[in-house]
1. Run the numbers for LEU72 and LEU45: contour at 0.36 nm per residue of separation, minus the present Cα-Cα distance, in nm.
2. What ranking, highest mean first, results for peptides 85-91, 32-38, 10-16 when packing means the other Cβ atoms within 10 Å averaged over each residue?
3. If each of ARG80 and LEU22 carries a label point 7 Å out from its Cα toward its Cβ, how far apart are those two points in nm?
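Bear in mind that the values in this text are calculations on the coordinates, not laboratory data. No experiment lies behind these values; they were computed from the predicted model shown. So basically every Cβ, Gly included, is an ideal-geometry build from the backbone, and we count neighbours across all protein chains shown.
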Amino acid sequence: MDPNGSGDENSESKIYIGNLDLRITEAALIKMFSPFGKIVTEDFLWHTRGRKRGEPRGFAFIQYSSKEEAKLAKEKMHGRLACGRPLVVRISSEKYTVEAAENSSKGAGEATKTSLSGSSSGQTSRSSKIAAIKNKLKALEEEGFSAKKQKQTDTSLQ
């Protein structure tokens, strides 16, 4: 086997799935991602030591039989809500760049497009957390405004 050729093909057909809710199981993950192609391998990562030993780490890797299937899964599942959290799906070989962060945050107002990253880059996770907090505040403000309006209407009727 040619290590350069097969290694590149494998990394292009492998996706990273981050921001997984701890309630999502391996079986549920496979069920969510199997419609996009044949899953060759699946790595669901667990804490191996410490007080969280045996608990999911919140991310996983799935390898498809082709890079086209991996790309389709990324396109369809990135930003999709699972247990109330937007999934982060990337091709494993891709480096997460500032340009990618800007592209994914353009639709941050939509719940399914919120960019929350489980990546190792501190700046990326910080900016995505800020975006998520802003979206949450906006939703709470809108909810609070409608509740105040309802309360004012109720008091004016008395």
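1. On the way: separation 27, 0.36 × 27 = 9.72 nm, distance 2.28 nm.
Length gained, LEU72 through LEU45: 7.4 nm.
2. Working: 85-91: 22.0, 32-38: 16.3, 10-16: 19.9.
Packing proxy ranking, top to bottom: 85-91, 10-16, 32-38.
3. Placing both labels 7 Å along Cα→Cβ, they lie 2.5 nm apart.
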